[in-house]
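Peer 1: Okay, handing you the structure first.
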Amino acid sequence: MYGRIQLFFILFIAYSAASAPPKPLPTSTTKLDSRSCRLDLYHLAKNQYNNIEPDFQIALVADNGFNRRYVALKADISYPLGFENFSYFRTGQPVEIFTADWKKYYGNLNLSDSSRSYSISHLVRLGSTSPRQAFDLLVRLIAEDEGRFEFRSANKHYRFYLEEGHLDDFLDCLRNQVTK
């Protein structure tokens, strides 16, 4: 009898742990220190297994050590190659247009390793070649919209919502880098 109760208790704990709700995925993260400020924005979508995962990422990076500012984009490896225009939307209207030149990145010699393989690009303002100009403009637009905005290409649209406090922390980090 005692063994059955123990077995029941172990099975109950195992079932409870397996059926615990997953932690919500973040829509933004920050990495802030004296040398760099980074704000990552994630668009979340359902994958083929009906699980929520990030399917598009924007990284705003200011590296004080190398005096660089840029916007990096990351998407699934199946994302199409080549140039693509993105419109920054506010209240249903385009405000600014940026350009990305997508390339495949294979982080592993095994090309079938999709966990380390993805498509990447840097963002520039349409008609420009300066990643720094795109960074400064995008930061200003995101700050004006308090971290809620929409990015659209010809075929896709992405809505971004920053976690509470991430935008302010990122902007403070940028101000501290400028004053040094």
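Residues are listed down the side, and each one gets a yes or a no for (1) in contact (Cβ under 8 Å) with a residue 24 or more places away in the chain; (2) within 14 Å of Ala62 (Cα to Cα):
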{"site": "Ile120", "(1), (2)": "yes, no"}
{"site": "Arg125", "(1), (2)": "yes, no"}
{"site": "Leu138", "(1), (2)": "yes, yes"}
{"site": "Glu164", "(1), (2)": "no, no"}
{"site": "Asp169", "(1), (2)": "yes, yes"}
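Peer 1: Of everything in segment 46-62, what is open to solvent by 40 Å² or more (accessible area, probe 1.4 Å) and without any contact (Cβ under 8 Å) to a residue 12 or more places away in the chain? Give them in sequence order.
Peer 2: We begin by selecting, within segment 46-62, every residue open to solvent by 40 Å² or more (accessible area, probe 1.4 Å); these are 46, 48-55.
Of everything in segment 46-62, those that are open to solvent by 40 Å² or more (accessible area, probe 1.4 Å) and without any contact (Cβ under 8 Å) to a residue 12 or more places away in the chain turn out to be Lys46, Gln48, Tyr49, Asn50, Asn51.
Peer 1: Which of the residues belonging to segment 28-45 are open to solvent by 40 Å² or more (accessible area, probe 1.4 Å) and touching a Cys at 6+ places or on another chain (Cβ under 7 Å)?
Peer 2: Result: Leu32, single match.
Peer 1: Return the pair list, or none, for Cβ contacts closer than 7 Å from residues in segment 63-85 that are in a loop (DSSP other than H, G, I, E, B) to residues that are open to solvent by 50 Å² or more (accessible area, probe 1.4 Å), at least 6 apart or on different chains.
Peer 2: Asn64/Arg35; Gly65/Arg35; Ile77/Lys104; Ile77/Ser114; Ile77/Tyr118; Leu81/Lys103; Leu81/Lys104
Peer 1: Take the conditions more than 16 Å from Arg140 (Cα to Cα), open to solvent by less than 30 Å² (accessible area, probe 1.4 Å), at pLDDT below 95 and of a type outside the set (Lys, Arg) and apply them to Ala72. Does it pass?
Peer 2: Judged against the criteria, Ala72 is not a match.
The values are calculated or read from the model by the stated rules, or taken from the named source; none is laboratory data. Nothing here was measured: the structure is a model prediction, and the numbers come from that model. For neighbour counting, all protein chains shown are included, and Cβ atoms are generated from backbone atoms with ideal geometry for every residue, glycine included. To get the accessible areas, we keep the full protein, side chains included, count just its heavy atoms, and leave off ligands, DNA and RNA. Shrake-Rupley method; radii C 1.70, N 1.55, O 1.52, S 1.80 Å.
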